[in-house]
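To start, the structure itself, in structure tokens.
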């Protein structure tokens, strides 16, 4: 099974599932939402996510004039992370949880920075050295991924990244994105991400992402 492509869908469902996994918001009221998002996880919910991904990524067909929306929930996304996350998450990233809300996705993970720094290629020794000095051992990591949607596209902006009790500056956030997300998964978060085929709009509501679909233009 190709886990990268579902992860790219997760980058649209929670656009930083890629990101949240590594930089998982300093939004204190969301603690309850994140805890609730972790309830009732199951392999069947993970499989439901994969089926929905397959439906969204299927080749476009002009045979239908109307396609029903595809709804992905917190439970399905978090179940996918729980049961399949080790196949694609960076070494040292554990227990990622995401919560979908209007305007974006917030998430949290626990990261073993000693393991993370040993496992990842160090193409930027200066940045890696700084990260190693600033953050050691096990740390909770939080972030908010703001998602702005337009027809057939979604733009992700990462905000309020916090490791332990430290709020990161923009330079370090950009370095983390480039090192642990963009290079690893071959995406450019500075550019809008293209929505899956036939998806005309992405709507985010509390606990769910709605992919609205339309017929293929003839």
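Considering only the range 128-135, I want to know if a residue exists there that is modelled with pLDDT under 85, farther than 26 Å from residue 87 by Cα and either in contact with a strand residue (DSSP E or B) (Cβ under 9 Å, 6 or more places away or on another chain) or surrounded by 14 or more Cβ atoms within 10 Å (Cβ to Cβ) (or both). Yes, that holds for at least one residue.
Under 7 Å between Cβ atoms, which residue pairs at least 6 apart in sequence (or on different chains) link something in the range 39-66 that is surrounded by 11 or more Cβ atoms within 10 Å (Cβ to Cβ) with a partner that is at pLDDT below 65? Between residues of the range 39-66 that are surrounded by 11 or more Cβ atoms within 10 Å (Cβ to Cβ) and residues that are at pLDDT below 65, the close pairs are 50/6; 53/6; 53/9; 56/9; 57/5; 60/216; 61/216.
Among the numbered conditions (1) modelled with pLDDT of 85 or more; (2) buried (at least 18 other Cβ atoms within 10 Å of the Cβ); (3) on the phi > 0 side of the Ramachandran plot, the only one that residue 207 does not meet is (2).
Close Cβ contacts (under 6 Å, 6 or more residues apart or on different chains) running from residues in the range 122-143 that are within 19 Å of residue 158 (Cβ to Cβ) to residues that are at pLDDT 70 or above and part of a loop (DSSP other than H, G, I, E, B) comprise 139/164.
Exactly one residue out of 94, 185 is in contact with a helix residue (DSSP H, G or I) (Cβ under 6 Å, 6 or more places away or on another chain), surrounded by fewer than 17 Cβ atoms within 10 Å (Cβ to Cβ) and either within 30 Å of residue 203 (Cβ to Cβ) or modelled with pLDDT of 80 or more (or both): that is 185.
The values are calculated or read from the model by the stated rules, or taken from the named source; none is laboratory data. Owing to the predicted nature of the structure, the values given are computational and were not obtained by experimental measurement. FYI the Cβ positions are ideal-geometry reconstructions off the backbone, even for glycines, and counts take in every protein chain you see.
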